[in-house]
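**Q** Quick one: structure below, then a few questions.
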Amino acid sequence: RDTCRASAASQCRPMASFKLPGPEPAQTLEGHEGAVLSLSWTKNGQYIMTASQDKSVRLWNPHSGKHIKKFAGCHNQEVNDVLIADDNSKFVSCGSDKLIFQWDVTSGQVVRKFTGHERKVNALAFGPKEEVLLSASHDKTVRIWDLRARGKGPIQVLTGAVDSVLCLMTHGDEIITGSVDGGLRSYDVRQGQLVTDQLQQPIGSISVSNDGQCLLVSTLDSHIHLLEHLDGSELTSYTGHTNKRVKVQSALDPTDSFIASGSEDGKLHFWELVEATPLAGAQQGHSAAVLCLAFFEETLVSASADGVIKVWRPSSGC
């Protein structure tokens, strides 16, 4: 079953269709006083939020380059991830202080605190309809929190990892996690099933293709793997970037035609999806490791250990 490769190939042939970011950023956003560890778009693509080593979360307009608001004073260690609710009224953040906070955007106040993790919290994801929140931690667990009820503790704890869980995502009722132990784990909570694919290297990034048929998984041996979502078989892999020390995010562009990744060398790297050939694009993006990136339509935002966020748009004429 090779539908992922076949469908990608049909989309990828015309090279002119690649909307690669241009060589110069459209905007440069500065203000964080430490590495930017996570970024998240609002659903409507008007704003981004960034989480930083400087213990703050910030709200920006990436189109105008304007810094709108700083949220701080609750996390007492680095903020590792941030997620924005679909209606833009609230967001959640997690940190190395083992804590998760839900914030009101307008007031800037915390409206709920989630406690229970025994080590730092690395990543967050919403479940279907944002009824639950999932958190992945250095304590080797994923915890599920009910956002509708005000109960203190998690409603479920997912185990199985034997080392820190660095990243997670949801796809329908499926929860997919990546761990330092090399395990790519897929939990079907309703069926009570767990399937593990062992990639032998720490997993720092997981995303799903827009057609849902492929998983893109970054491992800390400077490889990115394109896997068949259904059975975990590897379709191809991408190399050329540097990723051995820290979590570095990768992503498919919105048309599933090329791959983008950060890198510890400060560059943004791009590959054609099917043939895995490197594509020319923005090269030296930052002065330090590019840790996270995310697309909204043709706009790509990248953020770095240098504390700087850059906004990239396709070169004119592509």
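**Q** Starting from the amide H of His171, placed 1.01 Å from N in the peptide plane, find each other amide H under 5 Å away whose residue is 5 or more places distant or on another chain.
**A** Here Ile176 satisfy the definition.
**Q** Tell me, what is a quarter of the convex hull surface for the C-alpha atoms of the stretch 75-181, in nm² with one decimal? Walk me through the numbers before you get to the answer.
**A** Details: hull surface 25.2 nm².
If I average the Cα hull's projected area over directions, I get 6.3 nm².
**Q** Rg/Rh for the stretch 180-266 to two decimals, with Rh computed the Kirkwood way over all alpha-carbon pairs. Please list the in-between numbers first.
**A** On the way: Rg = 13.0 Å, Rh = 13.4 Å.
Using Cα coordinates only, the ratio equals 0.97.
**Q** When the helix-only estimate is applied to the chain (DSSP H runs of n ≥ 4, each -39,500 (n - 2.57), divided by the residue count), what is the mean residue ellipticity at 222 nm, nearest 500 deg cm²/dmol?
**A** Details: 1 runs with 10 residues, N = 318.
-1000 deg cm²/dmol, from helical runs alone.
**Q** Of all accessible surface on the chain at a 1.4 Å probe, what whole percent is carbon and sulfur?
**A** 47
**Q** Given the chain reduced to its alpha-carbon atoms as identical point scatterers, what log10 I(q)/I(0) does the Debye formula return at q = 0.09, 0.16 Å⁻¹?
**A** Each listed q corresponds, in turn, to -0.42, -1.42.
**Q** Per residue of the stretch 171-179, in order, report the coupling 6.51 cos²θ - 1.76 cosθ + 1.60 (Karplus, θ = phi - 60°) as ³J(HN,Hα) in whole Hz, putting x for Gly and Pro.
**A** With coefficients 6.51, -1.76 and 1.60, one gets 9, x, 8, 8, 10, 10, 10, x, 10 Hz.
**Q** Once phi is turned into θ = phi - 60°, what whole-Hz ³J(HN,Hα) does the Karplus curve with 6.51, -1.76 and 1.60 give for every residue of the stretch 292-308, x standing for Gly and Pro?
**A** 8, 7, 7, 9, 10, 6, 8, 8, 10, 10, 10, 9, 9, 5, 7, x, 9
**Q** Quick one: accessible area per residue over the chain, 1.4 Å probe, rounded to a whole number of Å²?
**A** Values: 13320 Å² over 318 residues.
Roughly 42 Å² per residue, with all protein chains present.
**Q** Can I ask one more? May I ask which of Lys19/Lys129; Lys55/Lys247; Lys70/Lys140; Lys113/Lys140; Lys55/Lys113; Lys70/Lys90 have a Cα-Cα span longer than 25 Å here? Don't skip to the end; give the middle numbers.
**A** Numbers: Lys19/Lys129 31 Å; Lys55/Lys247 18 Å; Lys70/Lys140 31 Å; Lys113/Lys140 21 Å; Lys55/Lys113 16 Å; Lys70/Lys90 14 Å.
Long pairs (Cα-Cα over 25 Å): Lys19/Lys129; Lys70/Lys140.
**Q** Let me ask something additional. For the stretch 72-78, what does the Karplus curve 6.51 cos²θ - 1.76 cosθ + 1.60, with θ = phi - 60°, yield as ³J(HN,Hα) per residue in whole Hz, taken in order and with x for Gly and Pro?
**A** Computed from phi, the couplings for the stretch 72-78 are 8, x, 10, 6, 9, 9, 4 Hz.
**Q** So what's the net charge close to Ser93: Lys and Arg +1, Asp and Glu -1, counting the other residues with Cβ under 14 Å from its Cβ?
**A** Its environment carries a net charge of +4.
**Q** Which whole-angstrom value gives the distance between the alpha carbon centres of the stretch 54-98 and the stretch 254-279?
**A** 27
**Q** Moving on to the next point. Volume per residue, Å³, of the convex hull around the alpha-carbon atoms of the stretch 145-214?
**A** Numbers: hull volume 7.8 nm³, N = 70.
That works out to 112 Å³ per residue.
**Q** Using modelled amide H (1.01 Å from N, peptide plane; none on Pro or chain starts), what sits under 5 Å from the amide H of Ser304, excluding residues fewer than 5 places away?
**A** Under 5 Å from the amide H of Ser304 lie the amide H atoms of Val36, Leu291, each far enough along the sequence or on another chain.
**Q** Taking amide H positions as placed 1.01 Å from N in the peptide plane, with prolines and chain starts having none, which residues 5 or more places from Ser52, or on another chain, fall under 5 Å of its amide H?
**A** Leu37, Val79
The values are calculated or read from the model by the stated rules, or taken from the named source; none is laboratory data. Small disclaimer: the values here were computed from a predicted structure and weren't measured. With ideal geometry, Cβ positions are generated from the backbone for all residues, glycine too; neighbour counts draw on all protein chains shown. All accessible areas refer to the heavy atoms of the entire protein, side chains included, with ligands and DNA or RNA removed. Shrake-Rupley method; radii C 1.70, N 1.55, O 1.52, S 1.80 Å.
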